[in-house]
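Asker: Here it is, the structure, as structure tokens.
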């Protein structure tokens, strides 16, 4: 490939444009970083718009065709909302002077955009690993020992996902001879699970935070900076959702995995004191809805899954932004240390309520016009228990994210804190997110026009009497349940504590097992070394006894004696030669 064609390949990739902007943040004056990032985002979005649907940047490597940029209805939807999220995060954190964090603020989303645009496995793997490496800088940004250790755990999990992905790619290529990234499917024509597909499925599952593989989210995200947590909340799990929609649509196992994901985080979120950590459990819950839709695999359910991912990025970021603004002004995100902030932060409070209503899927907010597609998909597939699970999980979302977040931050008990309103950059970012959340809820047609299965969405009407009444009944009963539990003091109290999750098994017994294994290995090595040392010393002693200054071979021998032995040796040589 010539230098000019290679340069053209880079310039025509929106992800590369973003990555160049991220690298410029390291080399240019710090006060220009936000402006450079916003300009790079605008250039990337402009390039994306000018390209249209199709495949670009096709290259040959070792005789194999790699498609570095593939824009179709599915990938277009994700890269559009990724660009919106990038711009909002830059505005929210405007003026940041930390070079490493500024680099990761744009470099990490660039990798997510590159992964979504990848048309082949090799390109996907490269961006997959870049996303892991760049995102860990956001975890390390606070610079404490706790964040360093959490970052190392996070990086280990992300690298494991990459290793599994690479192994699956090798197996897939050996089976099919193709590197094109399209539908994989977990089972073959006979219904047996394909090992190659299972490996890739697990790689995607780690980044999707499947149950028992989810703890890296709660471990790492809340330990980042205020803006770092918001950025982290958007891209990794949504890149994985896109990958599942691309490679495993209609995989039945995803229905049950997703159903579990929607349920179990609710209980952890209800008893969690750190509100940023509450929202990380909400990420697990929300991704669960998307995974269920992907697993159902019908056109309507897939539209719901990817459409809900689009909206969730906006309104969940809004919730993280509002909690981040409160933390910026008060220095804490603990429910026990907040409350009563509505007095001096009314604008932030209003934005938080918009995010809460959106994530709870109230009518005329973004969540309502897309979540219904997933729930209806379960009903149309006659999956009664899955449908019931999704309804229960929807009520749980209202309890922990729709009510708990704004209630304990801005109302509840009076903490006595009277902070100033959020800075202008934060208010602008939250305001745009709130407008989008309401705008999509009232007029969802522009979003529907981006969904991949237009033949199904054309006849879908979110605002029917049935949908509205069903959702309002669910939400009103959930609100009533919350009010009653608060009045009778049965609602889990907010107390300073550390809640144990399943990561306890590898962080406590697992650490003990590793330490025991390390001690046992050390003791075994020491014992082995002592035995070997003794044997070596014995051998060296014998050698010294023969060859040392006082050894037998070091003594003086008469010439006649040596001549005799020389004759004997020669005689033996002659005899052996004769016999040979």
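Asker: Got a sec? Which of 119, 52, 96 is over 30 Å from residue 300 (Cβ atoms) and over 20 Å from the mean Cα position of the chain (by Cα)? I'd like the intermediate steps shown before the answer.
Answerer: Values: 119 fails: over 30 Å from residue 300 (Cβ atoms); 52 fails: over 30 Å from residue 300 (Cβ atoms).
The match here is 96.
Asker: Follow-up. Go through segment 404-414 residue by residue and tally those that are surrounded by 18 or more Cβ atoms within 10 Å (Cβ to Cβ), more than 26 Å from the chain's Cα centre (by Cα) and within 21 Å of residue 317 (Cβ to Cβ).
Answerer: We begin by selecting, within segment 404-414, every residue surrounded by 18 or more Cβ atoms within 10 Å (Cβ to Cβ); these are 404-406, 408-410, 412.
Now narrow it down to the ones that are more than 26 Å from the chain's Cα centre (by Cα): 408-410, 412.
Imposing the further condition that a residue be within 21 Å of residue 317 (Cβ to Cβ) reduces the set to 408-410.
Within segment 404-414, residues that are surrounded by 18 or more Cβ atoms within 10 Å (Cβ to Cβ), more than 26 Å from the chain's Cα centre (by Cα) and within 21 Å of residue 317 (Cβ to Cβ) number 3.
Asker: Restricting to segment 168-202, count the residues that are in a helix (DSSP H, G or I) and within 17 Å of residue 240 (Cα to Cα).
Answerer: From segment 168-202, those in a helix (DSSP H, G or I) are 168-176, 195-202; that's our starting set.
Checking the rest, the ones that are also within 17 Å of residue 240 (Cα to Cα) come to 168-169, 197-202.
Qualifying residue count for the region: 8.
Asker: Yes or no: segment 342-349 includes at least one residue that is in a helix (DSSP H, G or I), crowded, with 24+ Cβ neighbours inside 10 Å and at pLDDT 95 or above.
Answerer: So in segment 342-349, the residues in a helix (DSSP H, G or I) come out as 342-343, 346-349.
Applying the additional criterion that residues be crowded, with 24+ Cβ neighbours inside 10 Å yields 348.
In the following step, the residues that additionally are at pLDDT 95 or above were identified as 348.
Yes.
Asker: From 504, 490, 516, grab the single residue that is more than 23 Å from residue 272 (Cβ to Cβ) and free of Cβ contacts under 8 Å to residues at least 12 places away in the same chain.
Answerer: Values: 504 fails: more than 23 Å from residue 272 (Cβ to Cβ); 490 fails: more than 23 Å from residue 272 (Cβ to Cβ).
None of the other options fit; the residue is 516.
Asker: Using the structure shown, decide if residue 205 is part of a helix (DSSP H, G or I), without any contact (Cβ under 8 Å) to a residue 60 or more places away in the chain and within 13 Å of the chain's Cα centre (by Cα). Lay out the reasoning, then the answer.
Answerer: Numbers: part of a helix (DSSP H, G or I): yes; without any contact (Cβ under 8 Å) to a residue 60 or more places away in the chain: yes; within 13 Å of the chain's Cα centre (by Cα): yes.
Against the criterion (part of a helix (DSSP H, G or I), without any contact (Cβ under 8 Å) to a residue 60 or more places away in the chain and within 13 Å of the chain's Cα centre (by Cα)), residue 205 qualifies.
Asker: Ok, one more. Taking residue 489, is it under 20 Å from residue 403 (Cα atoms), exposed (fewer than 10 other Cβ atoms within 10 Å of the Cβ) and in the same structural domain as residue 269 (by TED's automatic domain parsing)?
Answerer: Numbers: under 20 Å from residue 403 (Cα atoms): yes; exposed (fewer than 10 other Cβ atoms within 10 Å of the Cβ): yes; in the same structural domain as residue 269 (by TED's automatic domain parsing): yes.
Yes, satisfied.
Asker: Any idea which of (1) in a helix (DSSP H, G or I); (2) surrounded by 21 or more Cβ atoms within 10 Å (Cβ to Cβ) is the one residue 395 doesn't satisfy?
Answerer: Exception for residue 395: condition (2).
Asker: Exactly one of (1) surrounded by fewer than 24 Cβ atoms within 10 Å (Cβ to Cβ); (2) within 26 Å of residue 116 (Cβ to Cβ); (3) within 18 Å of the chain's Cα centre (by Cα) is unmet by residue 282. Its number?
Answerer: (1)
Asker: Return the residue satisfying two criteria in turn: it lies in segment 373-385 and is in contact with a helix residue (DSSP H, G or I) (Cβ under 6 Å, 6 or more places away or on another chain) and surrounded by fewer than 23 Cβ atoms within 10 Å (Cβ to Cβ), and of such residues it is farthest from residue 321 (Cα to Cα). Don't jump to the end; show me each part of the working.
Answerer: Step one: list which residues in segment 373-385 are in contact with a helix residue (DSSP H, G or I) (Cβ under 6 Å, 6 or more places away or on another chain), which gives 373-375, 377-379, 381.
Filter once more, keeping what is surrounded by fewer than 23 Cβ atoms within 10 Å (Cβ to Cβ): 379, 381.
Numbers: 379: 34, 381: 37 Å.
My answer is 381.
Asker: Given the structure, is residue 194 crowded, with 16+ Cβ neighbours inside 10 Å and free of Cβ contacts under 8 Å to residues at least 24 places away in the same chain? Even if it seems obvious, please write down each step before you answer.
Answerer: On the way: crowded, with 16+ Cβ neighbours inside 10 Å: yes; free of Cβ contacts under 8 Å to residues at least 24 places away in the same chain: yes.
Judged against the criteria, residue 194 is a match.
Asker: Further question on the same structure: Looking at 361, 422, which one is under 21 Å from residue 315 (Cα atoms), more than 25 Å from the chain's Cα centre (by Cα) and in a loop (DSSP other than H, G, I, E, B)? Reasoning before the result, please.
Answerer: Working: 361 fails: more than 25 Å from the chain's Cα centre (by Cα).
Just a single option satisfies the conditions, and that option is 422.
Asker: So which residues in segment 467-486 are surrounded by fewer than 14 Cβ atoms within 10 Å (Cβ to Cβ), touching a residue at least 60 places away in the same chain (Cβ under 8 Å) and under 17 Å from residue 376 (Cβ atoms), if there are any at all? First the steps, then the outcome.
Answerer: Taking segment 467-486 first, the residues surrounded by fewer than 14 Cβ atoms within 10 Å (Cβ to Cβ) are 469, 472-473, 476-477, 480, 483-484, 486.
Then keep just the ones that are touching a residue at least 60 places away in the same chain (Cβ under 8 Å); that gives 472, 477.
Of everything in segment 467-486, just one residue is surrounded by fewer than 14 Cβ atoms within 10 Å (Cβ to Cβ), touching a residue at least 60 places away in the same chain (Cβ under 8 Å) and under 17 Å from residue 376 (Cβ atoms), namely 472.
Asker: Hey, another quick one. For segment 296-309, does any single residue satisfy the condition of being surrounded by fewer than 20 Cβ atoms within 10 Å (Cβ to Cβ) and either in a helix (DSSP H, G or I) or modelled with pLDDT of 95 or more (or both)?
Answerer: Checking segment 296-309: at least one residue is surrounded by fewer than 20 Cβ atoms within 10 Å (Cβ to Cβ) and either in a helix (DSSP H, G or I) or modelled with pLDDT of 95 or more (or both).
The values are calculated or read from the model by the stated rules, or taken from the named source; none is laboratory data. As the structure is a prediction and not an experimental result, all values here were calculated from the model. We place every Cβ from the backbone using ideal geometry, glycine too, and count neighbours over all the protein chains shown.
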